[in-house]
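Contents: one structure, followed by commentary.
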Ligand SMILES: Cc1ncc(COP(=O)(O)O)c(C=O)c1O
């Protein structure tokens with residue numbers, strides 16, 4: 001693997017660089033190269049110290065980032081990296097440098113990049129029919145819905161275009177279900193419960209259910225009637241559900257953005273029992289943890305506890321935008337024509353891609369391989385990283401793994417990137433999140449663990465300064 005030893009101050013200031021990157025920083029910071037980008041993203045990128053002025057491709061990445069910083073609304077603090085192609089678990093930047101991808105586009109590219117069956121499904125369908133809207137029926141949409149129903153607790157499916165839209169639909173379906181179930185009542189249950197460290201999306205309903213206050217507060221008033229309770233606290237959840245005011249409880253069986261926290265069986269069972277006793281709905285958000293990532297097709301299968309509604313998105317169409325809301329017949333019975341809809345959702349192209357993904361991931365041997373590789377990787381990480389004083393815990397299930405640190409994770413993430421490994425943060429910024437393509441090999445996991453291990457000293461340097 002080649003790696004690109006540039007220095008970035010996206011996460012590190014000059015005082016916090018590793019010795020190698022400090023050296024590079026000095027070299028590259030010279031007036032001779034003078035290729036510093038400092039824009040609204042607070043990103044500094046320095047040209048590599050060889051042939052930079054004579055290699056036009058190097059300018060290309062930097063020019064592209066500079067141009068981007070002028071035209072995009074500043075919602076993203078992007079890493080200073082322009083990716084141009086991918087194959088399997090490898091990504092390549094504009095200059096041809098290779099990166100091992102343990103991000104999967106934030107838990108999306110479950111089959112890696114350029115899976116041949118996915119490419120066939122997309123290209124064949126693009127040559128046949130791409131979009132018709134939901135005014136008409138289409139074959140790939142039906143095939144995908146039938147497969148989702150056959151492989152889950154659900155009886156019916158609604159398609160959306162993203163995770164937040166799937167949760168938005170689940171919010172509306174929950175309210176409508178309660179109105180339908182309490183005919184004539186002036187005030188049916190309309191409130192919601194969500195939990196600490198949860199993430200359900202960015203639109204006005206889903207963001208109202210998202211626990212991080214700074215995602216919500218600039219946009220208030222968001223949807224009212226949401227109470228956040230401690231994830232895992234059975235007593236507080238049971239008490240509030242028993243009040244009879246709750247339309248639905250939204251919960252991730254395994255929290256992704258929040259820091260890779262798994263629910264206990266007792267917690268999910270208590271939610272199920274309380275919801276059943278008063279008629280509240282239980283919604284499992286499996287946008288990140290669903291579809292094979294845990295080694296089970298659906299994360300909740302490991303618990304043997306089933307929801308009334310499940311939301312899906314990220315990996316379902318292998319990189320094309322999709323969301324899905326899976327519901328029981330009882331919930332679907334409350335929904336009428338016109339209650340919800342989407343122009344793009346469930347189009348033939350995206351659904352054909354999703355059929356290819358679902359077919360592959362649902363294979364028992366594929367799921368077993370995720371379990372095996374997940375266990376292998378966790379054990380390896382514990383062995384290699386566990387001795388470091390900054391590593392508090394390695395946790396997760398299957399191939400959704402968090403390394404909990406006692407310091408911010410971003411210097412490590414940045415150092416890994418410089419060494420050719422892409423990883424994410426999670427939680428309060430102190431967790432390294434590993435969500436590789438599910439097709440990753442043990443050899444690639446070995447390589448990732450080696451890079452993580454080699455980059456760990458950056459945390460000491462950061463901490464000292
Ligand atoms: C659990 C969960 N729900 C919902 C969402 C929102 O999905 P999207 O970004 O597709 O809107 C995410 C995104 O990270 C998520 O992890």
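Bear in mind that the values in this text are calculations on the coordinates, not laboratory data. What you see is a predicted model, and the numbers here were worked out from it, not measured in a lab. Cβ sites come from the backbone with ideal geometry, for glycine too, and all protein chains shown count toward neighbours.
Relative to the current alpha-carbon distance between residue 265 and residue 376, full extension at 0.36 nm per residue lengthens the span by 37.6 nm.
Need the full-extension length gain, residue 92 to residue 362, defined as separation in residues times 0.36 nm minus the C-alpha distance. One decimal, nm.
Result: 94.3 nm gained on full extension.
Put simply, when 112-121, 244-253, 425-434 are sorted by average Cβ atoms within 10 angstrom per residue, most first, you get 244-253, 425-434, 112-121. Please list log₁₀ I(q)/I(0) at q = 0.14, 0.15, 0.20 Å⁻¹ for the range 316-438, using the Debye equation with identical point scatterers on the alpha-carbon positions. The computed values of log10 I(q)/I(0) come out as -0.83, -0.89, -1.11.
Relative to the longest principal axis of the Cα atoms of the chain, the long axis of helix 364-385 lies at roughly 50 degrees.
The ellipsoid that matches the Cα gyration tensor of the chain has semi-axes, each √(5λ) in whole angstrom, of 40, 25, 22, with the longest given first. Looking at the chain alone, DSSP beta bridges between its own residues are antiparallel in about 65 percent of cases.
Using only the C-alpha atoms, the convex hull of the range 156-236 corresponds to 120 Å³ per residue. Against the main long axis of the alpha-carbon atoms of the chain, helix 442-455 sits at an angle near 60°. Would the range 328-373 count as rounded, prolate or oblate if I go by the C-alpha gyration tensor, calling it rounded below 1.5 in a/c and otherwise prolate when a/b exceeds b/c, oblate otherwise? In terms of gyration-tensor shape, oblate. Sorting 318-329, 62-73 by average packing, meaning the other beta carbons within 10 Å per residue, from highest down gives 318-329, 62-73. The slack between residue 68 and residue 180, meaning 0.36 nm per residue of separation minus the straight C-alpha distance, is 35.5 nm.
Could you list the square roots of 5 times each eigenvalue of the Cα gyration tensor of the range 65-114, that is, the equivalent ellipsoid semi-axes, sorted largest first and rounded to whole Å?
Taking √(5λ) for each Cα gyration eigenvalue gives 22, 14, 8 Å.
So if I take the centroid of the Cα atoms in the range 175-222 and the same for the range 391-441, what is the distance between those two points in Å? Each part's Cα centre sits 30 Å from the other's. Helix 163-181 versus the longest principal axis of the chain: what is the Cα-based angle in degrees, 0 to 90, to the nearest 10? Around 10 degrees separate the two axes.
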